[in-house]
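Bear in mind that the values in this text are calculations on the coordinates, not laboratory data. The structure displayed is predicted, hence computed values, not measured ones. Here the Cβ is made from the backbone with ideal geometry for all residues, glycine too, and neighbour counts use every protein chain on show.
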Amino acid sequence: MKALVTGGSGFIGSHLVDKLIDQGYEVLVIDNESADSERFYRNEKAQYAKQDISNYQLTNTFYAGVDYVFHLAAESKIGPAIENPIAAAQKNVVGTCTVLQCAREWGVKKVIYSSTSSGYGNNPHPNIESQPDDCLNPYSVTKVAGEKLCKMYTDLYDLKTITFRYFNVYGPWEAQKGNQASPIHKFSKQAIVDGSIMLFEESENFLRDFVYVDDVCKIHEQMMSTDVSGIFNVGTGRAVSFQTIAEVIAEKHKATINNIPMPYALRSSYQEFTQANTEKLLQYVDIEWTKVEDYIKNV
């Protein structure tokens, strides 16, 4: 069996590549390595093509003989998408359409598309797949557009697609740089280096459904062989505040917590709360979720 993973050199994609290799899949990765990352990750048993997924002419033949496509390549950060929405649309909309068209032409069995819970915006929580879109920024707009392309390719062309709406994925190799750094890494670094964590005021009101990257990969493994198509939340169903994350890290490293104001520009485009309703997903998978507090204590 052959799998193609777009964005397979990044955080989640590289973990998925490793899991597929371990299962005996032949794996081809398409990744132009344009993300603002400290490093990209490669598995010596996989093949890599450093190309732009939106370039139909250069990438079309890579889909020959592929059974499953895992589409993770994207502009995956809110900040850069706000700064350059045209580039975000090129990567997330044109890129996704190109992936789907190539998969359709080469008879791929299924495309699994990595989307985001950001499309829920300020809908009431826990978020369920049937809620209306409430996109607060160009990132969520372009990712939701990719979801609609997947549905169209399923309905019109009979290409099986699954859309996973990731909640807040964490784990080894996650972003560690600048404003894009994950709160777990950012708080841990501050606690270790400075002995003090800088936390936005009212952080007890900002909650996230943190889901471990290995659990995300297990979901992909279990869902890829099903006959279903559609949209599925990938989260634990449990929301944890930034305040709690900071307190667990501060206790581990014997650090203090200092509160600072949140910039208005950030607040206006920021979701206060994310929590997945997982009833639909759990009809098809069997999983015991990793608790983020346990990960922090043991990492």
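Data overview
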| item | result |
| --- | --- |
| Cα centre as origin, Lys/Arg/Asp/Glu Cβ charges: the chain dipole, Debye | 380 |
| 5 angstrom amide H check on Q51, placed H, neighbours 5+ away | D31, N32 |
| Diffusion coefficient, µm² s⁻¹, Stokes-Einstein with Kirkwood Rh over alpha-carbon pairs of segment 6-105 at 10 °C and 1.306 mPa s | 114 |
| Orientation-averaged projected area, Cα convex hull of segment 1-42 (nm²) | 2.6 |
| Local electrostatic count at K143 - Lys and Arg +1, Asp and Glu -1, tallied over other residues with Cβ under 11 Å | 0 |
| Equivalent ellipsoid dimensions for the chain as semi-axes, Å, which come from the Cα gyration tensor, largest first | 32, 20, 19 |
| Entries in K91/K254; K110/K297; K45/K77; K45/K280 that, when Cα-Cα distance is taken, lie over 32 Å | K91/K254; K110/K297; K45/K280 |
| Percent RCO, i.e. relative contact order, over segment 42-101, from Cα pairs under 8 Å lying at least 6 residues apart | 44 |
| Cut-off under 5 Å, modelled amide H: who pairs with Y113 long-range | H71, I162, T163, F164 |
| Counted charge near A3, where neighbours are those whose Cβ lies closer than 15 Å (Asp, Glu -1; Lys, Arg +1) | 0 |
| Extreme residue, positive dipole direction of segment 152-299, given options S241, S229, H253 (C-beta unit charges) | H253 |
| Degrees, to the nearest 10: 11-22 long Cα axis against longest axis of the chain | 50 |
| Length-normalised contact order of segment 178-299 in % [C-alpha pairs under 8 Å, at least 6 apart] | 40 |
| Listed residues S140, Y284, Y56: farthest to the positive end of the dipole of the chain (Cβ charges) | Y56 |
| Contact order relative to length of segment 1-111, as percent, for alpha carbon pairs under 8 angstrom and 6 or more apart | 29 |
